[in-house]
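Input: one structure, supplied below.
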Amino acid sequence: MHEHTQPTLSVAAARERLVSRLVPLSAESVPLARALGRVLAEDVVAGDDLPPFANASMDGYAVRAADLAKAADDSVVDLTVVGDIAAGGAGATPIASGEAMRIMTGAPLPPGADAVVPVEWTGSNSAMVDQALPSSIEVARPLSSGDFVRAAGQDVQRGTVVLERGRRLRPPDIAMLAALGVEAPRVSQRPKVAILSTGDELIEPGQSLSPGRIRDANGFGLQAAVQEAGGEPWRLPIAADTEESVHARFRHAVQGSASLVISSGGVSMGAFDYVRHVLETFGSLEFWRVNIRPGKPLAFGSFEDVPFIGLPGNPVSALVTFEVFVRPALARMAGRQELTKRAIHARLAHDLESDGRESYLRANLSWDGGSYLARLSGSQDSGVLSSMIAADAFIIVPAGARNLKAGEWVEAWPLGEG
Ligand code: AMP
Ligand code: MG
């Protein structure tokens, strides 16, 4: 039988095979206001220096530092104030030696000036709002060239790569793009992910329970997970446990131009598990068992050239395998550079038993002052969703490990985009 000829894959090997079959989607431009969470399809090169001109980093007076080189309490220097520059001001007249010009934070330094005396140094402790321009100021502290000045290009130099392709845009990235005048960055198209729940027992959340029926938790949970991971979710109607129904849903997904199809349920050894069967019969099945807990039955293949990932049916297993396989798949399709989450190191708060599979255990992390402590968040039964709700991380127990002791180091994945 098939299941005996095909060895169970390690998690890493399965993910490697899966990801290597996927290609990044093509690029599109999106307005900045909708670019959060999108993935850059090309490097962003600065077309301007940032800041574009030398400007004051404090409210005060633009001066020539050389005039103040010897300023001290017993050697106060008197400078003549010859003008005023507000932020947004431009084309100020130059200042000469012995002169100063009142300047506000962000305003361009006038020609001749190379430093700014903060207003606090001139004996004034109040804000300058509405204050008349003084005719002169007294300074009793020395200053060096460049003090309280942001040089042109101090932040970003024109021509340099500021943001690399494959980066998922965060709020500071959006600020940088705006500062550089990139109104519509080139980003990868969002993968359209068809989501299929399978099972004769499933009803919609709006329906009342009747004997033997449960509501479709996975369709909605996976929809949310796809959305959080940057994909465009498309929940299909629930499939019944028949070959025809599952096959029809697959065709529907492909006709609707899904870039990826994910399903839950129907991939195990049950008499009515048609997902794998349909994939084998009408598409192609690459593998269907992975050495992971929870979630050993996990099918990967394609249907009419659209990649397909069949997740297990238990809601916890579906969400765990989403994190381990689907999130990296979406990252790959979006052209992201980092496909897997960064693990953090934590110490076990208590002893732990595992069954030899690579295990993703629902856990909570706390900081004990020197390291993270990880403790299980509740029952690890794959039917228990509430311990997943209580969890903020997965403890990753490597394949082969069975008895772990309190205080041992383990890797953990914080949940969500994090
Ligand atoms: P299966 O692999 O289809 O036998 O599913 C395994 C378990 O997960 C069964 O108890 C199913 O009832 C349950 N299950 C499957 N799909 C869903 C779903 N969409 N929502 C909630 N539970 C599900
Ligand atoms: Mg089922």
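The values are calculated or read from the model by the stated rules, or taken from the named source; none is laboratory data. If you're wondering where the values come from, they're calculated on a predicted model, not measured in any experiment. Every residue, glycine as well, gets a Cβ built from its backbone with ideal geometry; the counts of neighbours run over all protein chains shown. Heavy atoms of the whole protein, side chains included, go into the accessibility calculation; ligands, DNA and RNA do not. Shrake-Rupley method; radii C 1.70, N 1.55, O 1.52, S 1.80 Å.
Let me check I've understood the local charge: for D351, count other residues with C-beta under 10 angstrom from its C-beta, Lys and Arg +1, Asp and Glu -1. What total comes out?
-1
Another question, if that's okay. Under the rule of at least 5 residues apart or a separate chain, name every residue whose amide H is placed under 5 Å from the amide H of R235.
I195
Also, quick follow-up: Can you work out ³J(HN,Hα) from phi for every residue in region 243-260, in order, using Karplus 6.51 cos²θ - 1.76 cosθ + 1.60 and θ = phi - 60°, giving whole Hz and x for Gly and Pro?
4, 4, 5, 5, 4, 4, 5, 4, 5, 4, 4, 5, 4, x, 6, 5, 8, 7
Let's test the formula: R0 of 45 Å, r as the Cβ-Cβ distance of E244 and R402. What FRET efficiency results, to the nearest 0.05?
Values: r = 44 Å, r/R0 = 0.97.
Working from the Cβ atoms, E equals 0.55.
With runs of 4+ DSSP H residues as the only contributors, calculate the mean residue ellipticity of the chain at 222 nm using -39,500 (n - 2.57) per run, divided by the residue total and rounded to the nearest 500.
That comes out to -5000 deg cm²/dmol.
Could you give me the ³J(HN,Hα) list for region 235-241, computed from phi with Karplus coefficients 6.51, -1.76, 1.60 and θ = phi - 60°, whole Hz, x at Gly and Pro?
3J(HN,Hα) across region 235-241, in whole Hz: 7, 8, x, 4, 9, 6, 7.
Cβ under 12 Å from A329's Cβ, A329 left aside: what net charge do those residues give with Lys, Arg +1 and Asp, Glu -1?
Summing Lys and Arg as +1 and Asp and Glu as -1 gives +4.
To continue, here is another question. Taking H placed 1.01 Å from N in the peptide plane, check which residues at least 5 places from V290 or on another chain put their amide H under 5 Å from its amide H.
When sequence neighbours closer than 5 places are left aside, the close amide H contacts are L9, L298.
Note down the accessible area of E201, probe 1.4 Å, to the nearest 10 Å².
Looks like 70 Å² after rounding.
What is the calculated FRET efficiency for R170 to E228, with r their C-beta to C-beta distance and R₀ = 22 Å, to the nearest 0.05?
Working: r = 14 Å, r/R0 = 0.65.
E(calc), rounded to 0.05, equals 0.95.
Here's something else I'd like to know. List the aspartates and glutamates whose Cα sits under 17 Å from the Cα of K192, skipping any in the same chain fewer than 8 residues away.
Once the sequence-local aspartates and glutamates are set aside, what remains near K192 is E28, E228, E232, E304, D305.
Got a sec? Charge dipole of region 25-182, +1 on Cβ for Lys and Arg, -1 for Asp and Glu; which of V82, P31, G123 is way out at the positive end?
P31
On full extension of the chain, what length is gained from E183 through I203, given 0.36 nm per residue of separation minus the C-alpha to C-alpha distance?
The span from E183 to I203 would gain 2.7 nm if fully extended.
Between R17 and R347, what is the label-to-label distance in nm when each label sits 7 Å out along the Cα-to-Cβ direction?
For R17 paired with R347, the spin-label model returns 4.0 nm.
Now a separate question. Of the residues V129, V254, V117, which exhibits the maximal mean-square fluctuation in a Gaussian network model of the chain defined by a 10 Å Cα contact cut-off?
Taking springs between Cα atoms under 10 Å, the residue moving most is V129.
Averaging sequence separations of C-alpha pairs under 8 Å and six or more residues apart, then dividing by the length of the chain, give the relative contact order as a whole percent.
So the answer I get is 16 percent.
When DSSP assigns beta bridges and you keep just the ones with both residues in region 1-110, what percent turn out antiparallel, to the nearest 5?
So the antiparallel bridges amount to about 55 percent of the total.
Could you work out the local net charge near P111, counting Lys and Arg as +1, Asp and Glu as -1, over the other residues with Cβ closer than 14 Å to its Cβ?
Charge balance in the 14 Å sphere: -1.
With every protein chain left in place, what is the accessible area of V384 in Å² (1.4 Å probe, nearest 10)?
40 Å²
Now for a different question. Need the C-alpha centroid separation for region 224-264 versus region 320-339, integer Å.
The two parts, judged by their Cα centres, are 17 Å apart.
While we're here: Using a simple charge model, +1 on the beta-carbon of Lys and Arg, -1 on the beta-carbon of Asp and Glu, nothing else, what dipole does the chain show about its Cα centre, in debye to the nearest 20?
Numbers: 38 positive and 49 negative charges, 257 e Å.
The dipole of the chain has a size of about 1240 debye.
Could you state the number of Å between the C-alpha centres of region 113-156 and region 344-417?
For region 344-417 versus region 113-156, the Cα centre distance is 55 Å.
Please list the non-local residues whose amide H lies under 5 Å from the amide H of L163, H modeled 1.01 Å from N, same-chain partners needing a gap of 5 or more.
V44
Would you mind checking the radius of gyration and Dmax of the chain based on alpha-carbon positions, in Å?
Values for the chain (Cα only, Rg and Dmax): 30.8, 96 Å.
I've got another one for you. Taking the Cα centre of each part, how many Å lie between region 161-209 and region 287-308?
One Cα centre to the other: 23 Å.
Among the DSSP beta bridges whose two residues both lie in the chain, what percent are antiparallel, rounded to the nearest 5?
65 percent
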